[in-house]
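Colleague: To start, I am sharing the structure in question, which I have written as structure tokens.
No value in this document is a laboratory result; all are computed from the given coordinates. It should be emphasised that the depicted structure is a prediction, and the values quoted were computed from it without experimental measurement. Cβ: placed from backbone, ideal geometry, glycine included. Neighbour counts: every protein chain shown.
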Amino acid sequence: MKLIIAMVQDEDSETTVQALTEQGHRVTRLATTGGFLRRGNTTLLIGVEDAQVDDVMGVLRQTCRRRTAFTTLVSETPMMLPASVVEVEVGGATVFVLDMEHFEQV
Ligand code: 2BA
């Protein structure tokens with residue numbers, strides 16, 4: 001089995017969870033915060049058989065969009081502007097697929 005850890009944008013989380021559960025996958029949704037933007041995002045834990053990984057990846061590709069976000073970087077360097085706004089492209093999804101050593105429900 002595999003454990004899929006997927007970080008998605010909050011805006012996509014509802015559609016993604018709905019699509020995954022409609023296709024019979026089990027999902028846990030965690031409220032998380034991105035370290036760079038310091039803004040809320042959603043981390044999904046999805047435990048699947050090896051053969052189902054491609055199906056989950058297909059759902060994520062369909063439901064998670066790329067978006068542009070802006071953040072303010074504060075500079076402490078003298079002679080530089082004290083703060084500058086930078087543009088970053090976020091998503092679709094950041095996905096880790098891990099081998100699951102053991103799965104059990106007691
Ligand atoms: P954040 O850390 O808030 O990052 C949001 C977006 O900011 C990133 O989008 C990326 O475009 C940009 N970014 C992040 N760190 C940067 C840096 N040091 N310099 C310049 N730009 C930077 P994504 O790559 O799509 O990541 C979306 C969210 O997924 C991240 O939110 C973070 O919560 C998670 N994530 C991404 N890569 C990760 C990793 N290797 N390990 C753990 N979490 C990760």
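Colleague: With charges set only on the Cβ (+1 for Lys and Arg, -1 for Asp and Glu), what does the dipole of the chain come to about its Cα centre, in debye to the nearest 20?
Modeller: So the magnitude is around 400 debye.
Colleague: If packing is taken as the average number of other Cβ atoms within 10 Å across a peptide's residues, how do 6-19, 74-87 rank, most packed first?
Modeller: Final packing ranking: 6-19, 74-87.
Colleague: Dividing the convex hull volume of the Cα atoms of the chain by its residue count, what figure in Å³ per residue is obtained?
Modeller: Spread over its residues, the Cα hull of the chain gives 122 Å³ apiece.
Colleague: Still on this structure, I have one more. Students often check this: by mean Cβ neighbours within 10 Å, which of 35-41, 57-63, 45-51 ranks highest, and how do the rest follow?
Modeller: So the order, starting with the most tightly packed, is 57-63, 45-51, 35-41.
Colleague: Ranking HIS25, HIS102 by Cβ neighbours within 10 Å, fewest first, what do you get?
Modeller: In increasing order of surrounding Cβ atoms, one gets HIS102, HIS25.
Colleague: Once you have the Cα-Cα distance between LEU3 and ARG38, take 0.36 nm times their residue separation minus that, and quote the gain in nm to one decimal.
Modeller: Roughly 10.1 nm would be gained on extension.
Colleague: Along the charge dipole of the chain, pointing to its positive end and built from +1/-1 on Cβ of Lys, Arg, Asp and Glu, which listed residue (LEU30, VAL8, THR68) has its Cα farthest out?
Modeller: Of the options given, the answer is THR68.
Colleague: Cα axis of helix 53-63 to longest principal axis of the chain: angle in degrees, 0 to 90, nearest 10?
Modeller: Approximately 50 degrees, to the nearest 10.
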